[in-house]
Structure formats: structure tokens, C-alpha cells
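Enquirer: The structure that follows is given in the form of C-alpha cells.
The values are calculated or read from the model by the stated rules, or taken from the named source; none is laboratory data. The structure presented is a predicted model; accordingly, all values stated were derived computationally and were not measured. Positions of Cβ are generated from backbone atoms using ideal geometry, with glycine treated the same way; all protein chains shown enter the neighbour counts. Protein only, heavy atoms only, side chains kept; ligands, DNA and RNA dropped before computing areas. Shrake-Rupley method; radii C 1.70, N 1.55, O 1.52, S 1.80 Å.
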Amino acid sequence: MTRAERAVLALLCVFAVKFLFSTAARFLPVLQWVDSLGSGRHPVDLWLLLLCCTAVLGTFCLYRRALHAVGARLTRFDGVVLAVCCLLSAAFYLHAMVGRQSLYLWDNATYYNLQIRLESNFADGVFMGVGSTIYKTWFNDYAPFVINILLEPFFMFTARTANTFAILCALLIPSLVYFSALVFLMALRRQLAPRAPRLFTVLGMAFVLLMPLMHVALYRGMPDLLGVAFAFMLMALLTGYDFDRPAPARLVSLTTFTGLLILTRRSYMFTVVTIFLFYGVRALVQALRGRNRQALLRFVRFAVVSVLCVGLPLAPMFWRIVRADYSDRYATYQTGGFLSELNNQRVYLGYFLLAVLVVGVLYGLYKKGTKFLSVLSIAGAVLTILLVTRVQNMDDHQSLAVAPFYLLGFFLCALAVANLRPWPLRAVPAAVLGGMCVLNFGACSQLLPPRYIPTEVYSGLYFFVDDIRDDMEGIAAVNDWLRENCSGTNSAYMICHGSKYSADVFRAAALPDESIRSILAYGAVNPGNDAFPKELFTAQAVLTCTPFDPNNHTEKINSAFLENQDKYQPFEVAATFDMGNGYTITAYRRIKAPTVEELDTYRRWLAEEDAQFPYNFSAVWDQLETEFANNG
């Protein structure tokens, strides 16, 4: 055990003692004052800093162990290539993000919100911080267990705005992805022995650096790319290892990276399933051929131990996933099915990268020793897409679950070029591929105009964020009114949930001040996942906009609300806000107790949604009807 690993264990022991003391303080008020020492932002939470620094140091130790297990040794040339990739990537993101004047909304703000909540939970004590993190990991679709904990030691020393969070992600996460990709390339280089190993490495890293799919989500502030780094490490650890010999350090690293990948985001579970399914089939086939039955037994033992080590701590999460019908919950986002999604992936890649993938797969099938990698690339991609589309269609950030398989095919294409001889035959296709990668990335990032080449050749992923806001003063005025006129959690509700105005806009504009997120409830926009909003009856104020900004069934909710206002006048107009862009926000204050008649209006307008998702509509309405039975 190295000094760094001993330091990780020592720090974990210190934190464990603090956690036990914090737990005792929850039941013994006399200890609460002592427990508060070091907690909260004064200027940083020392205990959260300790935990997160331990996680970063532990990740460093894990990578060092994995490098030793695969026998990878970073040469000076590898270091130069890695440094160039990191510098070019950092320059691009700094150019794109510094001074950005737009709000991060919807999925783009999910992990920033989790980052702020992580700090708030630990500010209430270590017991609450650890407890909320575990709870979210088990029972929420998004959890701060990996991404946010690894980012926190850096984030807590910034201005803690959404843009600083996005910039931090853009500087740190790609660097780890490039390093992991380089480790995978070194493992492939060692196994496949290309004639021009340096060209193979440079071309492979160019594919990683310049693939638009790897950047488009991160450009909008979404750190999902981190999972690709862990997927690369899984594939690197499995490359050249057929479970034909004991390798405890490698197997421990495999299990740990598997857990990290699963915890990064739910869609990466399908990546894990696909990788181990193919390697399991390979071990079975080799055993049946009589090559090495011990390898199959070793793989089975590894699988069982991994399931116990990863599956038992995460059993509540897996149980929730098994019980949930995601295809029903996300039915709003289910369009077209599997074949339609394959076409979407073709658009995401573009004909250029699709051709690179096809060439790599065909070469892998032709060359001895690479057939399995070729099958893993194309069949793994198709299987992952099939599994994900059982839940929902794949936007660009969900498509990162397939990116490692695409890049494996690209690496096989780089191998084909690196094996050409003499050197002029290698130089020409390498230059063409590199140049096309630059043009493709330049067109998608809008750094270069897409001239001379049909746009279908380029990837259909164009980098953009929401338009620059010209209504920040109006948003601040609405938030000030909410603070002055509403008190208590979810004491206000906003009906509109469109691209221009939603509760997200006002909640995000106030961060890192969390007062508005406490006052203004999150809006119901997905009828399969979001229950009918009780706040229409329980909130002190309800807000909407004119003209209405619709999304899914929110326009029906707004129509029912206005009909109730015309018939029963349960609200009075408390304030109006001219947003300066043609929109007006109107705040209604409830002045009458809610009634069954109001509820019946919503039943009539939302009958179609109720027929499809009764657990989110009728179940809520029936409960409200019982509560309102004695009202006016």
C-alpha cells in the first residue's frame, strides 16, 4: 500500500469518527454546538472539503493502480500529446464560456443545482450531508455521489455561479477523459503493435478531442462526459486480459470503475451491461473451445464478487429502477422507437464519422486479433442504443453512453492507417482524417463556416446555449416580489414551463441564493413523471405569463386556471411585471379557499393525461377532493 493510499484510509477514518459524532448530536442536543464547528460556509465547509479531497486523492490512487495493472507507462511523447489536447480543449472552453450571459436551465442546470444542494446539506451537519447524499443516490435519478463530490474541492473556492460551475467542469473533466483515452490507447498499442505507434496515438487522440458528441453537452454545462473516462478505463483494464490468470489489482480496479460509472449517470448502466455481456460471452466461447475453462470460472467469480461489492450498497437504487416503468414515466419523450433512434445516431455522427466507424469495424473484422474489438464496437453500440430506447429516446447527453463504442471503432480506423506502408501511404490518409476532424468540429462549434462540403457530412450536433437574456431586471423584480409576499416552502407556483419562462428561470437566476428555490415550486411539465401540481390550490401565489409559453400539458393547466378565475375568482391580481420583451408575468394571490368545483375544471381539461397516467392525476385529485369537500 502506497503512502497516498494510507492517507486516504486515514482521512476516511477521521471523517467516519466525525460522522458518528454528528449522528450522536442529532439525538443529544448538548452536542450540537460542538458538531457545528467546521460546518457551513465560513468561508468553506471543512468537513465537506475533507470528504471531497479524500475522494479526489482516492481517484488518483485508483488511476495509479489501474495504470500499473495494465502495464501502461506514459512516455514523453504521450505526455506531449496529452498536454496539447488539454490545452486546446481548455482554450476552446474558455473562449466559449468566459463572460457568457445566459441562464443554465433544464437538464443543463441539474448538476449545478445538485452542487449547491450538496453544500447546503453539509452546512446542516455531516449527518445531514451524508444522509441526503446517500438518499439521493438510492432514490433519485440524479445523484451528487461522483460528479459533484469530485468537483467540490475546486468549486467551493469559486464565485459558485452556474457559469463558474460550467467552466470548472469544462476544464477538469475533459482532461481526465483525455488521460483515460490515452491509457486505453496505450493498452491497445501494447496488444495490437501498430507499425506506427505514434501515429496511432495521435490519430486516436484527435478523434477523442474533435468528436462533437464528446463536447456538446459539456458546452451547455452538463458534466455527463465524466462517465466516458470511467468507461475508457474499464475497456483499458479488460484489453489484453482474458481472465486467464489471477490479477487482483486489475479486478479490484475493474469493480471500482464499474461502480463509479454506474453512479455517474443512470444511462451508463447500459454501457456497463454491454461491456461485461460481451466479455462474458467471449470467456464462455473460449471455455467451450477448450482453451481455458479456468478463465470462465475466474470471470464468473469476478462477476459474483462485483455484484456483491457494487450491487449490495446500491441495492435500493437497483430495486427502484427495476420497479419503475421508465418507458411509461418518460412516454412524453418516447418517439419513433429503436429504428428512429438509429437514424438519430446517424445524424449525431454525420456521414464522415460514420464512414470512419465503418472502415474501423471492417478493418477490425479483417485483421487477425481485432475481430472481438470490432464486434464490441458495432454490436456494443447497437445493443446500448436498444437498451436505452427501452426507456426513452437519446439526446446528445444520453448518447455519451454509446460514445466509447464509437471511439473504439475510430481507434480501429486509426490502427488501419498506422499499419499502412510505406510511410507516404500513412501520411496522406492521416492528414485527410485529421483535417476532416478539424472541419467537422469547427462546423459544429461554429468556429469555422461549413463551406464546400455538404452539411450532412458533418455531425448534426451544433453547439449552442440559450439566447442571451435581456430580461434579467424583470426576473429580479419577480424574485423580489416573491421574497416579500410569499413565505414557506412551495408557497408560490408558476404554470408556464416553456423555453422562455418557467420556474427554472427564476430559481436559476437567484442562485447561489436558494431562497427562490424554496419559495417557488418546480413546475409540472412531464405528465408521466410529474404529479399534478397541488400548489395550484395550496400556494399563496400562482404566476403565469402572457403570451403563454407552453410545453406539453401546461397550456391546458393554464386554460383551466383562467377558466376558474373567470367563474369563481379564487385569486386576485397581486402584481404584473412587464419583462421588456413582449411578455408579461402576472402574479395571482389566493383569496378564497379551494373548492371541488375548481378541481373539476382541471379534471375536465386534463382528462386525456389522466387516462394515460392516472397515478399522477386521479390519485392526486381524489386526495384533494377529500380535503376540499367541506370548502365553499
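Enquirer: Can you check what the net charge comes to around residue 156, using other residues whose Cβ is under 15 Å from the Cβ of residue 156 (Lys, Arg +1; Asp, Glu -1)? All intermediate terms of the calculation are to be shown ahead of the outcome.
Expert: Working: positive: 41, 117, 160; negative: 45, 119, 152.
So the surrounding residues net to 0.
Enquirer: Is there a pair in 18/136; 534/556; 500/567 whose C-alpha atoms are over 23 Å apart, and which pairs would that be?
Expert: Working: 18/136 21 Å; 534/556 15 Å; 500/567 29 Å.
Check vs 23 Å cut-off fails for 500/567.
Enquirer: To continue, here is another question. Picking from 544, 560, 526, whose Cα lies most toward the positive end of the charge dipole for the stretch 517-625 (charges on Cβ: Lys, Arg +1; Asp, Glu -1)?
Expert: The Cα lying farthest towards the positive end belongs to 544.
Enquirer: Going by average Cβ density within 10 Å per residue, which order do the peptides 433-441, 395-403, 224-232 take, highest to lowest? Spell out each step's value before the answer.
Expert: Numbers: 433-441: 18.4, 395-403: 23.8, 224-232: 26.8.
Answer by packing, highest mean first, reads 224-232, 395-403, 433-441.
Enquirer: Going by the alpha-carbon gyration tensor, a ≥ b ≥ c the square roots of its eigenvalues, is the stretch 188-232 rounded (a/c under 1.5) or, if a/c is not under 1.5, prolate (a/b greater than b/c) versus oblate?
Expert: oblate
Enquirer: Measure off, as a whole percent, the carbon and sulfur share of the 1.4 Å-probe accessible area of the chain, all protein chains present.
Expert: Carbon and sulfur atoms account for 64 percent of the accessible area of the chain.
Enquirer: Then there is this: Let me see the pair-distance distribution of the chain: every alpha carbon pair, 10 Å bin width, integer percents in order.
Expert: Over the chain, the share of Cα pairs per 10 Å bin runs 3, 14, 23, 25, 19, 11, 5, 1, 0 percent.
Enquirer: Still on this structure, I have one more. Once phi is turned into θ = phi - 60°, what whole-Hz ³J(HN,Hα) does the Karplus curve with 6.51, -1.76 and 1.60 give for every residue of the stretch 149-156, x standing for Gly and Pro?
Expert: 5, 6, 8, 4, x, 8, 5, 5
Enquirer: Using alpha-carbon pairs under 8 Å, 6+ residues apart, how would you state the relative contact order of the chain in percent? Don't skip to the end; give the middle numbers.
Expert: Details: 895 pairs, mean separation 77.8, N = 632.
Over the chain, the number comes to 12 percent.
Enquirer: Sticking with this one: Quick one: if you stick a label point 7 Å off each Cα along the C-beta vector at residue 395 and residue 160, how many nm between them?
Expert: Between residue 395 and residue 160, the label points sit 2.7 nm apart.
Enquirer: Sum up the charges of everything whose Cβ sits under 9 Å from the Cβ of residue 583, counting Lys and Arg as +1 and Asp and Glu as -1, but leave residue 583 out.
Expert: Values: positive: 500; negative: 471, 549, 578.
Local charge sum for residue 583: -2.
Enquirer: Something else now. Apply the Karplus parameterisation 6.51 cos²θ - 1.76 cosθ + 1.60, with θ equal to phi minus 60°, to every residue of the stretch 95-100 and state each ³J(HN,Hα) to the nearest whole Hz, in sequence, with x for glycine and proline.
Expert: Ordered by residue, 3J(HN,Hα) equals 4, 7, 10, 5, x, 4 Hz.
Enquirer: Related question: Once a ≥ b ≥ c are taken as the square roots of the eigenvalues of the Cα gyration tensor of the stretch 471-630, is the result rounded (a/c under 1.5), prolate (a/b larger than b/c) or oblate (a/b not larger than b/c)? If you can, show how the numbers build up before the last one.
Expert: Details: a/c = 1.64, a/b = 1.49, b/c = 1.10.
Verdict is prolate for the stretch 471-630.
Enquirer: Mind listing the long-range amide H neighbours of residue 494? Cut-off is under 5 Å, sequence gap 5 or more, other chains count too, H placed in the peptide plane at 1.01 Å from N.
Expert: Counting only residues 5 or more places away or on other chains, the set is 521, 543.
Enquirer: Further question: Counting DSSP beta bridges with both partners in the chain, what percentage is antiparallel, nearest 5? Walk me through the numbers on the way to the answer.
Expert: Details: 13 of 17 bridges.
Of all bridge pairs located within the chain, approximately 75 percent are antiparallel.
Enquirer: What accessible area, in Å² to the nearest ten, does a 1.4 Å probe give for residue 176?
Expert: Estimated to the nearest 10 Å², residue 176 gives 50 Å².
Enquirer: Students sometimes get this wrong: rank 2, 75, 554, 110 by accessible area, probe 1.4 Å, all chains present, largest first. Before the final figure, lay out the partial values.
Expert: Details: 2 45, 75 65, 554 0, 110 25 Å².
Result, largest first: 75, 2, 110, 554.
Enquirer: Using the Karplus curve 6.51 cos²θ - 1.76 cosθ + 1.60 with θ = phi - 60°, work out ³J(HN,Hα) for each residue of the stretch 553-558 in order, rounded to whole Hz, and write x for Gly and Pro.
Expert: Using θ = phi - 60°, the values come out as 8, 5, 5, 5, 4, 5 Hz.
Enquirer: Then there is this: Magnitude of the Cβ-charge dipole of the stretch 343-455, K/R +1 and D/E -1, about the Cα centre, nearest 20 debye? Could the numbers behind the result be given before it?
Expert: On the way: 8 positive and 2 negative charges, 91 e Å.
Approximately 440 debye in magnitude.
Enquirer: Something else about it: Tally Lys/Arg at +1 and Asp/Glu at -1 over every other residue whose Cβ is under 11 Å from the Cβ of residue 246; what's the total? Spell out each step's value before the answer.
Expert: Values: positive: 245, 250, 298, 301; negative: 244.
Surrounding charge for residue 246 is +3.
Enquirer: Out of the trypsin sites (Lys or Arg not before Pro) in the stretch 1-77, which ones are loop residues according to DSSP with at most 11 other C-beta atoms within 10 Å?
Expert: Working: sites: 3, 6, 18, 26, 41, 64, 65, 73, 76; in loops: 41, 73.
Those that pass, being in a loop and sparsely packed, are 73.
Enquirer: I would also like to ask the following. How high is the relative contact order of the stretch 471-630, in percent, counting Cα pairs under 8 Å that sit 6 or more residues apart?
Expert: Working: 262 pairs, mean separation 37.8, N = 160.
With pairs under 8 Å counted, the relative contact order is 24 percent.
Enquirer: Still on this structure: About the Cα centre, and with charges only on the beta carbon of Lys, Arg (+1) and Asp, Glu (-1), how big is the dipole of the stretch 471-630? Nearest 20 debye, please. Each step should come with its number before you reach the end.
Expert: On the way: 12 positive and 24 negative charges, 28 e Å.
With Lys and Arg at +1 and Asp and Glu at -1, about 140 debye.
Enquirer: Something else about it: What is the set of long-range amide H partners of residue 574 at a cut-off below 5 Å, with H atoms built 1.01 Å from backbone N?
Expert: Residues meeting the amide H criterion: 587, 588, 589.
Enquirer: Using +1 at the C-beta of Lys and Arg and -1 at the C-beta of Asp and Glu, which of 226, 477, 285 has the Cα lying farthest in the positive direction of the dipole of the chain?
Expert: The listed residue farthest towards the positive side: 285.
Enquirer: While we're looking at this one, here's another question. So how strong a dipole does the chain carry about its Cα centre when Lys and Arg Cβ are +1 and Asp and Glu Cβ are -1, to the nearest 20 debye? Display every interim value, and only then the final one.
Expert: Numbers: 52 positive and 45 negative charges, 910 e Å.
Computed charge dipole of the chain: roughly 4360 debye.
Enquirer: May I pose another question? Let me cross-check residue 406: its accessible surface, 1.4 Å probe, with only protein heavy atoms counted, in Å² to the nearest 10?
Expert: 10
Enquirer: Same structure, new question: From the helices alone, meaning DSSP H stretches of at least four residues, give me the mean residue ellipticity at 222 nm for the chain, per-run term -39500 (n - 2.57), in deg cm²/dmol to the nearest 500. Provide the component values of the computation, followed by the final result.
Expert: Numbers: 28 runs with 399 residues, N = 632.
Here the helix-only value at 222 nm equals -20500 deg cm²/dmol.
Enquirer: For the stretch 357-486, just say rounded, prolate or oblate: build the C-alpha gyration tensor, square-root its eigenvalues into a ≥ b ≥ c, call rounded for a/c under 1.5, and beyond that prolate if a/b exceeds b/c, oblate if not. Show your work: numbers first, answer last.
Expert: Values: a/c = 4.08, a/b = 1.90, b/c = 2.15.
It is oblate, given that a/c is not under 1.5 and a/b is not larger than b/c.
Enquirer: Place +1 on the Cβ of every Lys and Arg and -1 on the Cβ of every Asp and Glu in the chain, take the dipole about the Cα centre, and give the residue among 370, 384, 595 whose Cα lies farthest towards its positive end.
Expert: So the residue furthest toward the plus end is 370.
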